[in-house]
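Asker: Can you read through this structure? Questions will come right after.
The values are calculated or read from the model by the stated rules, or taken from the named source; none is laboratory data. None of these values were measured; they are calculated from a predicted model. Neighbour counts are summed over all protein chains in view; Cβ atoms, including those assigned to glycine, are modelled from backbone coordinates with ideal geometry.
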Amino acid sequence: MELLTQLDGLGWLILSLALLLLSQRALHSQLQTLFLLLTRREKISFIIFSLLFFPGVFLHETSHYLTARLLRVRTGRFSLTPQTTAEGRLQLGYVETENTGFFRDALIGIAPLFFGGAFVAYAGLHQLHALTLWEQFASWNWVSIQAALTDFYLQPDFWLWFYLIFAVSSTMLPSASDRKAWLPVGGIVLGLIVLLPVWGLTALVSRATGLKVVK
């Protein structure tokens, strides 16, 4: 039962990340199309798109850089200048790091998710007090919900923090290059999740019977 609970939680986490990745791609694609239709110029639409998400891109690339430095991984060029790749894809920024073991590569790659998640949590809970709004939604009291919504967007600097949350949450997912080292690390983590309950059960049987359980 414990194993099923752990796997269920892992499954929901993977599903949530997959949905967030798909929604991020769809949002970026739709916004680029919208800006292109409005400006009729590809370069101008790229500039507007890049400026819109600049705070998130800055945090994304900075998290790569800081994590690499903390792990004593050498870094190369650091860029926040948007450019078009050979495949025609818009690249908003990048940090060059040397290739190390897959474990450190995975930590550097996943850093934007943790840094971005921490910022969104801080901004939502401490600056916008979103927990109060959530509690009113949970009460199913429409009058209280309306009052909470009014208080929510009338907070000082609401639109600033709302924009920053939007920009960061829309760019905090690791890119395809960031996810290269995830497969081996994910396999190790999944293996530990499966084996830990077995090891715990073995130890419990050994203590109860006084006999050594042969694995």
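Asker: Scan the stretch 69-93 for residues that are touching a Leu at 6+ places or on another chain (Cβ under 9 Å) and within 17 Å of residue 173 (Cα to Cα) and jot them down.
Answerer: 80, 92, 93
Asker: Which numbered condition trips up residue 76, out of (1) in contact with a Ser or Thr (Cβ under 9 Å, 6 or more places away or on another chain); (2) surrounded by 13 or more Cβ atoms within 10 Å (Cβ to Cβ)?
Answerer: Here residue 76 clears every test but (2).
Asker: Under 7 Å between Cβ atoms, which residue pairs at least 6 apart in sequence (or on different chains) link something in the stretch 38-50 that is within 16 Å of residue 28 (Cβ to Cβ) with a partner that is in a loop (DSSP other than H, G, I, E, B)?
Answerer: Correct list of pairs: 46/82; 50/82; 50/92.
Asker: Which of the following residues is at pLDDT 85 or above and loosely packed, with under 15 Cβ neighbours inside 10 Å: 125, 107?
Answerer: Of the residues listed, the single one that is at pLDDT 85 or above and loosely packed, with under 15 Cβ neighbours inside 10 Å is 125.
Asker: Could you list, ordered by first residue, the pairs with Cβ atoms under 7 Å in which the first is in the stretch 54-72 and farther than 18 Å from residue 90 by Cα and the second is at pLDDT 95 or above and small (Gly, Ala, Ser), at least 6 apart or interchain?
Answerer: Pairs that qualify, where the first residue is farther than 18 Å from residue 90 by Cα and the partner is at pLDDT 95 or above and small (Gly, Ala, Ser): there are none.
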